[in-house]
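A.B. asks: Mind having a look at this structure? Questions to follow.
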Amino acid sequence: MKHIKRTATSVALAASALLVSACSSGTSPHTTQNAADGRPIVNKENWPKKIPTSGLTKGLTLPLEAYMASYEDQVAVEQAASDLQQSCMKDYGIDLTLPLAGANPPPSDNDANIERRYGITDRAEAEKYGYELPPALQEHTTQTMRDLSGVEVEVLTGHTKPEPPENPKDVKAGEPLAAPGQGTKPARAEYNGQKLKTGGCIGWSKEQLGLRETDPTFVAQLAGDSLMQSMKDDKVIRAIAAWSSCMGGKGHSGLADPYKAMDQGVTSDGNPTPESIALAVDDIDCKTQTDLVKIWSGVESAIEDKQIADNQSQLTGIREQHGKEVAAARKQMAALTQ
């Protein structure tokens, strides 16, 4: 991830757009090394902290974060599901190694993206990287998986392998060759003398962990709404205006809010420049001088408290379901190490 541009409408949802992609436990097989360079595929040292430990957001949380799944919990659920899927495939005589979860962590622990919710907030990082992410978070660990045969896809997914497009050139870069549910048919009834599971091994793994298809963006959408509402509050408007004036006094005129500074400071190649670093440091110094982060987060916390009160039943259900899934995942992973 080279660029970290954030806008008021997307900052709260940015973290959720990043896929959980590879592991959690420190025990085998989760200590697999990257054969290419000897580094561990999963490095927990690069995982985001649940609560910031430095910068202007040190110790800061928002009320809705209590209802968001942490990155560690997301990884645990994904890894447990992968372990079950591999075990299920083996029951059909198919050896399959799936990518480890947790290999490519996002910059923030959850959908609040608190470290950059109000723009950049860590001066020590700004002095080194400007508006860019630290190098460790700009790297991407690629885990290769062998191409699955048609029958292997059926056993894994419960449907046939998607047909490739007649003209591969029509597929845009980064898009799947076939969208879920398109170009596929129900899988065969059995393989190697065993009946295929409903939804394949993937569907079975979800059933074993009690995973439910709930709206994955409800809490993040509330958080996005709270951010937008907070920007209309008089106290926040005054604080942002004071920050903008401070930035103007340092030679950075025309910056209406911290997001504009981020847009201006992010470089085209992901490498900080002396100019972008100077802008970033002044940005944070002006936030400190105007107490922007404390004022803004205080206003937003009050908004989120009301959101929680208005949606208490649904939010409680989401948190309870998260708890059940994570508990089942950790129990499954613990069983593998015994």
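A.B. asks: Quick query: amide H of HIS159 versus all other amide H atoms, modeled in the peptide plane; which residues come in under 5 Å with a sequence gap of 5 or more or a different chain?
C.D. replies: Long-range HN contacts for HIS159: ALA187.
A.B. asks: Which whole-Hz couplings ³J(HN,Hα) result when phi for each residue of the stretch 311-321 is put into the Karplus expression 6.51 cos²θ - 1.76 cosθ + 1.60, θ = phi - 60°, listed in order with x for Gly and Pro?
C.D. replies: 10, 4, 4, 5, 5, 4, x, 5, 5, 5, 5
A.B. asks: When all alpha-carbon pairs of the stretch 236-300 are counted, what percent fall beyond 16 Å?
C.D. replies: Result for the distance tail: 43 percent.
A.B. asks: Moving to a separate point now. Using the heavy atoms of the protein chains alone and a 1.4 angstrom probe, what is the accessible area of the stretch 258-338 per residue in square angstrom?
C.D. replies: 50 Å²
A.B. asks: Taking one equal scatterer on every alpha-carbon of the stretch 258-338, how large is log10 of I(q)/I(0) by Debye at q = 0.12 1/Å?
C.D. replies: So the normalised log intensities are -0.73.
A.B. asks: With θ taken as phi - 60° and the coefficients 6.51, -1.76 and 1.60, list the Karplus ³J(HN,Hα) couplings across the stretch 56-61 in order, rounded to whole Hz; mark glycine and proline as x.
C.D. replies: 5, 9, 3, x, 8, 9
A.B. asks: Apply the Karplus parameterisation 6.51 cos²θ - 1.76 cosθ + 1.60, with θ equal to phi minus 60°, to every residue of the stretch 326-338 and state each ³J(HN,Hα) to the nearest whole Hz, in sequence, with x for glycine and proline.
C.D. replies: Computed from phi, the couplings for the stretch 326-338 are 5, 4, 5, 5, 5, 5, 5, 5, 5, 5, 5, 8, 7 Hz.
A.B. asks: Determine the alpha carbon to alpha carbon distance for each of LYS232/LYS306; LYS161/LYS195; LYS49/LYS235; LYS195/LYS324; LYS90/LYS195; LYS44/LYS206 and list only those over 23 Å.
C.D. replies: Values: LYS232/LYS306 16 Å; LYS161/LYS195 18 Å; LYS49/LYS235 29 Å; LYS195/LYS324 29 Å; LYS90/LYS195 14 Å; LYS44/LYS206 25 Å.
Those over the limit are LYS49/LYS235; LYS195/LYS324; LYS44/LYS206.
A.B. asks: Run the Debye formula on the Cα coordinates of the stretch 187-255, all scatterers equal and no solvent, and tell me log10 I(q)/I(0) at q = 0.13 1/Å.
C.D. replies: -0.63
A.B. asks: For the stretch 102-162, what mean projected area does the convex hull of the alpha carbons give, in nm²?
C.D. replies: 6.6 nm²
The values are calculated or read from the model by the stated rules, or taken from the named source; none is laboratory data. Keep in mind it's a predicted model, so treat the numbers as computed, not measured. Accessible surface areas use protein heavy atoms only, side chains included; no ligands, DNA or RNA. Shrake-Rupley method; radii C 1.70, N 1.55, O 1.52, S 1.80 Å.
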